[in-house]
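The values are calculated or read from the model by the stated rules, or taken from the named source; none is laboratory data. This structure is a prediction, so every number in the text was calculated from the model and none was measured. Here the Cβ is made from the backbone with ideal geometry for all residues, glycine too, and neighbour counts use every protein chain on show. The protein model used for the area step is the full one, side chains on, heavy atoms only, and it has no ligands, DNA or RNA in it. Shrake-Rupley method; radii C 1.70, N 1.55, O 1.52, S 1.80 Å.
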Amino acid sequence: MSTHSDVSADLRQDDEIGREQEYVSMLYDRLDGMREQAARRLDEELRHTGGTQQARSQRDSTVAMYADQVEQFAAVESGLCFGRLDGDDDSVRYIGRIGIFDTSGDYDPLLMDWRAPAARPFYLATAASPQGVRRRRHLRTRDRKVTGLNDEVLDIAAASPTAHEELTGEASLLAALNAGRTGRMRDIVETIQAEQDRIIRADLPGVMVVQGGPGTGKTAVALHRAAYLLYTHRQQLSTRGVLLVGPNATFLRYISQVLPTLAETGVLLRTQADLFPGVHARRTEPATTAALKGRAVLADVLAAAVRDRQWVPDEPVTIELPQREVLTLDPETVRQARDRVRRTGRPHNLARALFDVEIVHALADQVAERIGADPLGGENLLSEADRAEIRRELREEPEIRAALDELWPVLTPQRLLADLYASPERIATAAPMLTGTERAALHREPGGWTPADVPLLDEAAELLGEDERAAVARRERIRALEREYAEGVLEIWRGSRSIDVEDEADGGEILGVTDLIDADRLSERQEESDRLTTAQRAAADRTWAFGHVIVDEAQELSPMAWRLLMRRCPSRSMTIVGDVAQTGALAGTPSWDEALAPYVADRWRLEELTVSYRTPAEIMAVAADVLAEIDPALRPPRSVRATGVPPWDRTVPADRLGTELVEATAREAASLGDGRLGVLVPTGRVDELGGAVVAALPEAAVGEQPELANRVVVLTTEQAKGLEFDSVLVVDPARIVAESPRGHSDLYVALTRATQRLGILRTPS
């Protein structure tokens, strides 16, 4: 039965919601106006053409700016305003996803961007340290409507002794944690906690490692840090870009909407498999082979493989020219030429031109000795100009170029690695430090690349280098083709307009396209239409140096993968996020110091997240037993909540596992309503068990699905890294452990993916 005071409180809150609705509606009207203005200016800029190169470049920049604004204003519409701060001085500040200002007056802020320094008390103020805040209000919205609010009065005398004083916006936080999953990660901009805020707003330079157990918000912190850095260091990072590397494609799809909702659309998201432009590494291979390729010694193997392609023959090489003249290259001449070129330290492909000079000079000396010898035994009769002409002619001979290609071939990274893998002999020459079994593991026939190959391709590219002259010539050929095509278009137009047409009104001639534009201008306009963002340019350029790199699940990176990422970020401005207790890859990171010492020594800083927001206390207690198996010294994060629902653990006969799994999945899915269920199975049984589940439940899916749209998904532990579900069923944990030397880490990951409920199906040991 409601009391009079309860009714009065409800009425007061309804009044407050109504007042907040008026203000929020005004903010949305402003947002609509900003979006319409940006769209109009974008359209105007796109109508302009021609001008000087400087003007076109400036226009491209302006177009990109307005296009970004249109996209950002659309992305932040959901939950535009989520908070309010009332100060001790009666000031009021509304907090939201972007900044909106009153342009009709003194440019006062109507809505403060959550990343602005003045908004920080929204995340840090407590009763013990109010930071000038009297009241913090969290607004709950759906679409453009305010549906509720929660107030926190930051008065230490009024603080409840039973409240979680270390939590900011406890009611909003717990509501967000208990909400059902949607298959897409949501931002935490409304509920950032103090320990998370400290990391998000840390200084840009240097390497920062964020270590945290399951559910501590590592990924959310990394994404919000990317948004904060782009806001705070816009000029620096907008030109160099930010790279975020995730563990798999499912994970990237899962987080793909977070940054746009934080008003940032320019971050390049990639997995390791996609970090070499033009290569999409999807081939699979045994975990032991991937681990071998990840070892640092593979850098020495590739260097030796490149040296092996700088061939010195065992016997003299004869070159027969069309004029029936025969030249001879003896092994010692080739060896001396090779050694002199190697001493320059140039990459293989860039050194090829020097090798050509050495060999052509040696061959030209042979020709000069034959045709310029003095019959009386004096000095050679040929001048230096004569010798230079001989060298020029020899350089153009196809037979000589073929010999040079054999002795010192120009190689792509793909060709070098494919040739190495395909030849046991080349592997034996390049990798004497490996065992016979390891060398055999590297041998394979051509047919696609694996994720572990990508760092090797990148290493090979560094060793080989790219001849810039070839790249320049390629660009010039493209421009020439564009001009030729444009000229052809204009010729067609001229032919169709060969007869003058008089305007009946004033007798003037009608101007055709050829009166207004020539072939060069037309081809330039074609180039203007191909505008690329910073992220797009970076994705296509292997040598791009990013302004900041963020790595999630970084404990999975191999030493060779670390080499690749450090090349992408010469400034060493990086945020590295992970948990060494969850390392599943055989070549993964055993400790942050071991991974980073070769690149930054001890010049990196560690931040730790200690509170688990995702994983309830009941589930964390089960996971803690597995964590003790990994390392008794490790301690699980402290869960911020309990659900009152203990995990269940059932042992079933091995021959009934599939049947029991289908029944348990059906029951759990029915009880979840619209929630998401993750069924995590051993890698070796994913086809068998996943097939059984899908056959019984058409709504289910197996493996990496776009955006995890299905309510029930059967995954391996590796595929589930970084993901979360309302409920999780872990199947055959003993086999998950047995499948890998790091099996306990895999099981620890599997047990900590649930936000609400956990079930375990075992078979007798």
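Evaluation of I255 against the conditions (1) over 30 Å from A669 (Cα atoms); (2) in contact with a Leu (Cβ under 8 Å, 6 or more places away or on another chain); (3) at pLDDT below 90 shows that the sole unmet condition is (1). Hey, does segment 307-321 have a residue that's part of a helix (DSSP H, G or I) and outside the structural domain of Q719 (by the TED database)? Yes, because at least one residue in segment 307-321 is part of a helix (DSSP H, G or I) and outside the structural domain of Q719 (by the TED database). Open to solvent by 30 Å² or more (accessible area, probe 1.4 Å) and either out of contact with any Ser or Thr (no Cβ under 7 Å at 6 or more places or on another chain) or modelled with pLDDT under 95 (or both): does that describe S591? Against the criterion (open to solvent by 30 Å² or more (accessible area, probe 1.4 Å) and either out of contact with any Ser or Thr (no Cβ under 7 Å at 6 or more places or on another chain) or modelled with pLDDT under 95 (or both)), S591 qualifies.
Can you confirm whether P632 is modelled with pLDDT of 95 or more, surrounded by fewer than 22 Cβ atoms within 10 Å (Cβ to Cβ) and either more than 30 Å from G690 (Cα to Cα) or in contact with an Asp or Glu (Cβ under 7 Å, 6 or more places away or on another chain) (or both)? For P632, the condition - modelled with pLDDT of 95 or more, surrounded by fewer than 22 Cβ atoms within 10 Å (Cβ to Cβ) and either more than 30 Å from G690 (Cα to Cα) or in contact with an Asp or Glu (Cβ under 7 Å, 6 or more places away or on another chain) (or both) - is not met.
When the helices (runs of 4 or more DSSP H) confined to segment 383-441 are screened for residues that are of a type in the set (S, T, N, Q), none reaches at least 2 such residues.
The residues on offer are V24, V70, and the sole one that is within 20 Å of T147 (Cα to Cα) and either β-branched (V, I, T) or open to solvent by 80 Å² or more (accessible area, probe 1.4 Å) (or both) is V24. Applying the condition of being among the charged types (D, E, K, R) and assigned to a loop (DSSP other than H, G, I, E, B) to segment 557-601 and asking which residue is farthest from the chain's Cα centre (by Cα) yields D579. Conditions: (1) modelled with pLDDT of 95 or more; (2) in contact with an Asp or Glu (Cβ under 7 Å, 6 or more places away or on another chain). R483 meets all but one. Number of the miss? All conditions are met except number (1).
When you look at T683, is it under 30 Å from T589 (Cβ atoms) and not hydrophobic (A, V, I, L, M, F, W, C), yes or no? Here the answer is yes, as T683 does meet what is asked. Can you confirm whether D356 is of a type in the set (D, E, K, R), in the same structural domain as V306 (by the TED database) and modelled with pLDDT of 90 or more? Taking the combined requirement at face value, the residue satisfies it.
Number of residues in segment 339-365 that are part of a loop (DSSP other than H, G, I, E, B), surrounded by 15 or more Cβ atoms within 10 Å (Cβ to Cβ) and out of contact with any Asp or Glu (no Cβ under 9 Å at 6 or more places or on another chain): the value is 1. For segment 697-720, taking the residues that are over 25 Å from A734 (Cα atoms) and not in a loop (DSSP other than H, G, I, E, B), the one that is modelled with the highest pLDDT is identified as L708. Residues that are touching a residue at least 60 places away in the same chain (Cβ under 8 Å) and surrounded by fewer than 19 Cβ atoms within 10 Å (Cβ to Cβ) number at least 3 in the following helices (runs of 4 or more DSSP H) confined to segment 218-290: 234-240.
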